[in-house]
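Chemist: Sharing a structure here in structure tokens format.
The values are calculated or read from the model by the stated rules, or taken from the named source; none is laboratory data. Owing to the predicted nature of the structure, the values given are computational and were not obtained by experimental measurement. Ideal geometry is used to build each Cβ from the backbone, glycine not excepted, and the neighbour counts take in all protein chains shown.
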Amino acid sequence: MLAAVQLRVVEVAAGGVPAVLPRAANLDLLLEGLTRVLRGLRDPVLATRPPPDAALAFGARIPGTSCELQPASAAAWLGMLMHVDRPAAVDVVAPALAVADHLARRAPYEGYEAPRIADLCGVLERAAALHVALAQDPRCGTDPWLASRVAGTWAAALLLGADESQWRDAVRCAALDDASAAVCRRAAGENAARAVRHARVACGEAAPTAPAVGTTARRALQPAAAALNAEFAAAVRAALPERRVRPLLALFDDPSRLADLGVDACIARLVCN
């Protein structure tokens, strides 16, 4: 039964959601994810720092903190911070953001093109569509986290420069994974971390052979919904000093500037030094 579900997940990923990024990506998912992270850090339990062995110089960063972590550890913390009450399409932001920031920070030293915000948002948009397709397909079983884990794995694999064979392997492993099925913050973090691990195992540890997500096409970025912009602005004001708030919000209000900004440069504006 599980093998049949896994095969159908691969079919949905390959046929229902082609690995072609939209020319104009939507900022909504990234903004929602960042807002949830900044809000989640207000909870003393969620704001607890990860164990020392998770730290990594030039690792993936957690907005609102000064932590630099192994990508899987960063995805786990981001997943816990983003979780509200049930699995949702926004869950794909945790593994994708962790991988994208880590890749972007390594890029100047390893000779590949760093993923930009438009690249990340394009991947998120496609991964969210995959999440919806899986969540609505009765053939995909009863695991509440399957859609988030598989779509997150697919997003991370695309960012890592996966070819079709590699991302098929990654989502196959994610579908067969027996991660926690509990609907809670810990399970959200665990599934996000596993998504990163499945993608990295499938793609290997080498630097991406293709720029960012395998395309050099320049993509535009559509403005986020007004309500999301307002929520993000409130979360930023509560988390960062005022001198940093205004330039940051001005950047997010200008999609043409934000689109070509490296993911690492964007996250640098959101961390606490």
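Chemist: Across segment 50-83, what is the total count of residues that are closer than 24 Å to Val245 by Cβ and assigned to a loop (DSSP other than H, G, I, E, B)?
Modeler: Matching residues across segment 50-83 total 6.
Chemist: List every residue pair whose Cβ atoms sit under 8 Å apart, with the two residues 6 or more apart in sequence or on different chains, where the first one lies in segment 53-78 and is crowded, with 23+ Cβ neighbours inside 10 Å and the second, anywhere, is of a type in the set (Lys, Arg) and outside any helix (DSSP H, G or I).
Modeler: Going by the 8 Å Cβ cut-off, the qualifying pairs are Leu69/Arg61; Ala74/Arg61.
Chemist: Given the residues Val213, Val196, Val150, which is the only one that is at pLDDT below 80 and buried (at least 19 other Cβ atoms within 10 Å of the Cβ)? Walk me through how you get there before you give the answer.
Modeler: Working: Val196 fails: at pLDDT below 80; Val150 fails: at pLDDT below 80.
Only one candidate qualifies: Val213.
Chemist: Collect the residues in segment 106-117 that are crowded, with 24+ Cβ neighbours inside 10 Å and outside any loop (DSSP other than H, G, I, E, B), keeping them in residue-number order.
Modeler: Arg116, Ile117
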